[in-house]
Amino acid sequence: MSANLIQLLWDSTLQTLYMVAIATLLGTLIGGPLGIFLATSRRGELYSSPIANTVVGLVVNAARSIPFIILAVAIIPFTRWIVGTAIGTSAAIVPLTIAVAPFIARLIESSIREVDSGLIEAARSMGATPAQIVRKVLLPEAMPSIVLGLTLAIVSLIGFTAMVGTIGGKGLGDLGIRYGYQRFMPDVMLAVVIITIVMVQIVQTLGEWIAARFDKRAPRNRGR
Amino acid sequence: MAEAAISFQGVTRRYPQKKGSGDVIALQDIWLDVPQGAVTGIIGRSGAGKSTLLRMVNGLERPSSGKVIVNGHNVGEADPAALRAIRREVGMIFQHFNLLAMRSVYDNIALPLEIAGVDSARIKPRVNELIELVGLTQQAARYPAELSGGQKQRVGIARALATNPRVLLSDEATSALDPDTTRQVLALLKDINRELGLTILLITHEMAVVRDIGTHVAVIENGQIVESGETYDVFSRPQHATTRSFLTGVTGVAVPHFIADRMTAEPRSADDETVVQITFVGPHATDPMLARLTAELGVSVNIMAGAIEEIGDKPFGSLIVGLPASRTAEARAFLEQHGLFTEVLGHVS
């Protein structure tokens with residue numbers, strides 16, 4: 001493989017990482033509050049508002065039911081309006097964010113709903129406001145589960161970035177399609193696949209490690 | 001009796017059901033005063049409504065009608081901000097502890113102070129003081145998963161006391177603990193009650209808990225209080241069948257099975273034995289009354305079961321005896337005259 005191609009692989013890897021990182025960040029900023037809302041606005045919960053809950057739930061479901069490649073193409077006008085172009089890594093971040101935000105919302109919702117309702121009752125008995133319950137009880141207690149959920153979302157995003165490659169995004173997916181497939185360069189294809197696998201492994205391992213750091217539920221030998 | 005710390009005034013709680021079926025009535029017209037500085041036990045079976053009643057005190061449940069007055073505030077009508085202020089004066093401990101798994105012992109105890117907006121400089125000495133009070137100095141940095149059940153409940157108690165409440169609510173706090181640990185936790189609650197003058201309202205399905213620390217007791221069944229008063233009075237003279245069934249096994253005695261199986265409500269012949277439960281209370285609890293019964297009336301007494309124990313530091317004796325049916329009336333009159341309580345349970349031939 002020529003030095004040129006290696007440079008290309010390196011650049012594509014960085015582009016993928018960039019798209020994944022920014023989309024995760026934006027997706028969490030949008031999906032996080034949505035997830036908290038979904039988890040706490042059911043009837044009888046902290047911010048009980050069943051109608052709003054149902055509406056947001058429907059929107060989230062709708063967004064999640066569109067196959068990513070269709071979504072990416074369908075929102076090209078929107079992407080162009082936001083970024084000024086529909087091509088390149090920055091443009092790819094728009095559909096990636098829109099795809100991952102509802103996914104993150106559902107993951108965070110389910111993590112929060114796993115928190116023992118007894119803890120909410122205990123916090124209420126202390127005179128906590130709903131906002132305090134979210135900040136001091138629900139989010140910290142759900143954190144290991146949220147981290148694992150975000151890990152899952154990041155792994156999915158790595159897959160999505162490969163798809164944006166087909167519609168003018170950049171990154172490893174683009175490289176694999178243009179060189180590996182269209183120019184029939186199996187070594188490039190193989191390199192793309194291996195880098196992707198390694199990337200997913202690292203993300204998964206790191207996610208599990210961070211989640212375990214947060215998790216105080218398993219008794220450990222803490223010396224003495 | 002001192003002024004009531006908590007007063008339930010005609011409290012009813014209905015849960016509306018789906019169309020067609022009537023409301024479920026969890027509590028019906030509850031009138032109960034919980035005296036200041038006392039340890040009051042509410043005892044009832046699961047589903048009797050005791051949990052709903054307890055949660056009315058800190059507004060986790062609201063009455064459908066009636067009033068709940070806590071430290072002079074009407075809890076049912078408090079707006080959210082007022083309710084939060086009331087809750088800081090009412091600590092609560094739970095059967096399953098409800099500790100935050102991701103917070104250390106120290107941070108769990110600090111939580112109510114953080115919630116109350118106490119500044120961090122003042123949180124530290126208070127938390128350390130509480131950790132010492134419940135004897136967990138060694139465990140301050142540990143997490144709940146690393147603690148035993150008894151230690152977890154100690155954390156729960158320290159946490160409940162953090163904001164200096166005047167009332168402590170206990171929701172089956174010892175039901176998940178083994179008997180030894182239960183005794184230790186109850187002893188701690190008793191100490192706190194004495195030293196801090198804290199009013200404790202606890203719910204339980206175990207009469208032994210009430211016997212060990214309750215100065216007052218209320219028995220609840222099907223959403224109604226069937227009997228209430230000072231523990232000693234209720235235990236020594238239970239009026240209601242539910243109370244009696246709770247007391248069986250707690251105040252020592254039950255009719256042995258081989259007798260119970262043969263017992264009939266009415267005597268079948270004059271030679272029958274009458275089974276009588278004799279309760280010795282107060283100053284008479286230790287008098288040798290049966291010996292006197294035999295010596296002075298010549299009535300032979302057949303002891304079937306018995307026990308003497310302490311309730312609220314006062315001796316309490318209970319005996320089940322067989323008396324000749326022909327002499328029962330006379331013997332009972334003699335015993336009642338000397339301040340004992342008797343009750344005919346049945347007859348055996």
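Assorted remarks:
- Taking segment B:206-241 as the range and being in contact (Cβ under 8 Å) with a residue 40 or more places away in the chain and over 20 Å from residue B:313 (Cβ atoms) as the test, the residues that pass are B:218, B:219, B:220, B:221, B:222, B:223, B:224, B:225, B:228.
- If you go through segment B:206-238 and keep only what is of a type outside the set (S, T, N, Q) and in a helix (DSSP H, G or I), you end up with B:207, B:208, B:209, B:210, B:211, B:212, B:213, B:232, B:233, B:234, B:235.
- If you go through segment B:55-95 and keep only what is in a helix (DSSP H, G or I), within 14 Å of another protein chain (Cβ to nearest Cβ) and over 22 Å from residue B:134 (Cβ atoms), you end up with B:55, B:56, B:57, B:75, B:80, B:81, B:82, B:83, B:84, B:85, B:86.
- In the condition set (1) closer than 15 Å to residue A:35 by Cα; (2) crowded, with 18+ Cβ neighbours inside 10 Å, residue A:54 is compliant with all but (2).
- Test: residue in segment A:29-39 that is part of a helix (DSSP H, G or I), within 18 Å of residue A:158 (Cα to Cα) and modelled with pLDDT of 95 or more: yes
- Number of the condition not met by residue B:203 [criteria: (1) more than 29 Å from residue B:102 (Cα to Cα); (2) not in a helix (DSSP H, G or I)]: (1)
- Condition check for residue A:85: of a type in the set (S, T, N, Q) and in contact (Cβ under 8 Å) with a residue 40 or more places away in the chain: no
- Segment B:164-200 - residue that is of a type in the set (Ser, Thr, Tyr) and assigned to a loop (DSSP other than H, G, I, E, B) and, of those, surrounded by the fewest Cβ atoms within 10 Å (Cβ to Cβ): B:175
- Flag if residue B:228 is hydroxyl-bearing (Ser, Thr, Tyr), outside the structural domain of residue B:160 (by TED's automatic domain parsing) and either farther than 25 Å from residue B:290 by Cβ or surrounded by fewer than 19 Cβ atoms within 10 Å (Cβ to Cβ) (or both): no
- Set side by side, the residues B:95, B:139 differ, and just one is farther than 18 Å from residue B:195 by Cβ and either touching a strand residue (DSSP E or B) at 6+ places or on another chain (Cβ under 9 Å) or crowded, with 22+ Cβ neighbours inside 10 Å (or both), which is B:95.
- Every condition in (1) part of a loop (DSSP other than H, G, I, E, B); (2) at negative phi is met by residue B:117 except one, and the failing one is (2).
- Failed item, numbered, when residue B:332 is tested on (1) among the charged types (D, E, K, R); (2) crowded, with 17+ Cβ neighbours inside 10 Å; (3) more than 29 Å from residue B:231 (Cβ to Cβ): (3)
- Pairing residues of segment A:184-203 that are under 18 Å from residue A:154 (Cβ atoms) with residues that are crowded, with 18+ Cβ neighbours inside 10 Å and among the polar types (S, T, N, Q), at Cβ distances under 7 Å and at least 6 apart in sequence or on separate chains, gives A:195/A:13; A:203/A:151.
- Sole residue being within 12 Å of chain B (Cβ to nearest Cβ), more than 30 Å from residue A:5 (Cα to Cα) and surrounded by fewer than 15 Cβ atoms within 10 Å (Cβ to Cβ), chosen from A:218, A:212: A:218
- Residues that are more than 15 Å from residue A:15 (Cα to Cα) and of a type in the set (Val, Ile, Thr) within segment A:139-166 comprise A:146, A:147, A:151, A:155, listed in sequence order.
- Residue B:26 vs. criteria among the aliphatic types (A, V, I, L, M), more than 13 Å from every other protein chain (Cβ to nearest Cβ) and out of contact with any helix residue (DSSP H, G or I) (no Cβ under 8 Å at 6 or more places or on another chain): no
- Residue satisfying all of: in segment B:143-163; among the hydrophobic types (A, V, I, L, M, F, W, C) and assigned to a helix (DSSP H, G or I); farthest from residue B:112 (Cα to Cα) among these: B:145
- Residue A:190 fulfils the conditions (1) in a helix (DSSP H, G or I); (2) within 14 Å of chain B (Cβ to nearest Cβ) except for a single criterion, (2).
- Given (1) surrounded by 12 or more Cβ atoms within 10 Å (Cβ to Cβ); (2) at pLDDT 85 or above; (3) outside any helix (DSSP H, G or I), index of the condition residue B:303 fails: (1)
- Scanning segment B:33-52 for any residue that is within 12 Å of another protein chain (Cβ to nearest Cβ) and free of Cβ contacts under 8 Å to residues at least 12 places away in the same chain turns up nothing.
- Of all residues in segment B:115-136, those satisfying the criterion of being crowded, with 17+ Cβ neighbours inside 10 Å and within 11 Å of another protein chain (Cβ to nearest Cβ) are B:115, B:116.
- Residue B:150, sole failed condition from (1) in contact with a Leu (Cβ under 8 Å, 6 or more places away or on another chain); (2) surrounded by 20 or more Cβ atoms within 10 Å (Cβ to Cβ): (2)
- Taken over segment B:96-114, the criterion of being among the polar types (S, T, N, Q) and at the interface with another protein chain (Cβ under 7 Å from one of its Cβ atoms) is satisfied by B:98 alone.
- Under the condition of being within 23 Å of residue A:129 (Cα to Cα), small (Gly, Ala, Ser) and surrounded by fewer than 22 Cβ atoms within 10 Å (Cβ to Cβ), the residues counted in segment B:39-77 number 3.
- Every residue from segment A:140-181 that is more than 14 Å from residue A:199 (Cβ to Cβ) and of a type in the set (Ser, Thr, Tyr): A:145, A:166, A:179, A:181
- Helices (runs of 4 or more DSSP H) wholly inside segment A:64-172 that include at least 3 residues being more than 14 Å from chain B (Cβ to nearest Cβ) and crowded, with 17+ Cβ neighbours inside 10 Å: A:68-74, A:89-113, A:139-164
- Whichever residue in segment B:5-30 is of a type in the set (D, E, K, R) and out of contact with any strand residue (DSSP E or B) (no Cβ under 6 Å at 6 or more places or on another chain) and, among such residues, is farthest from residue B:224 (Cα to Cα): B:19
The values are calculated or read from the model by the stated rules, or taken from the named source; none is laboratory data. Everything numeric in this text was worked out from a predicted model, so none of it was measured. So basically every Cβ, Gly included, is an ideal-geometry build from the backbone, and we count neighbours across all protein chains shown.
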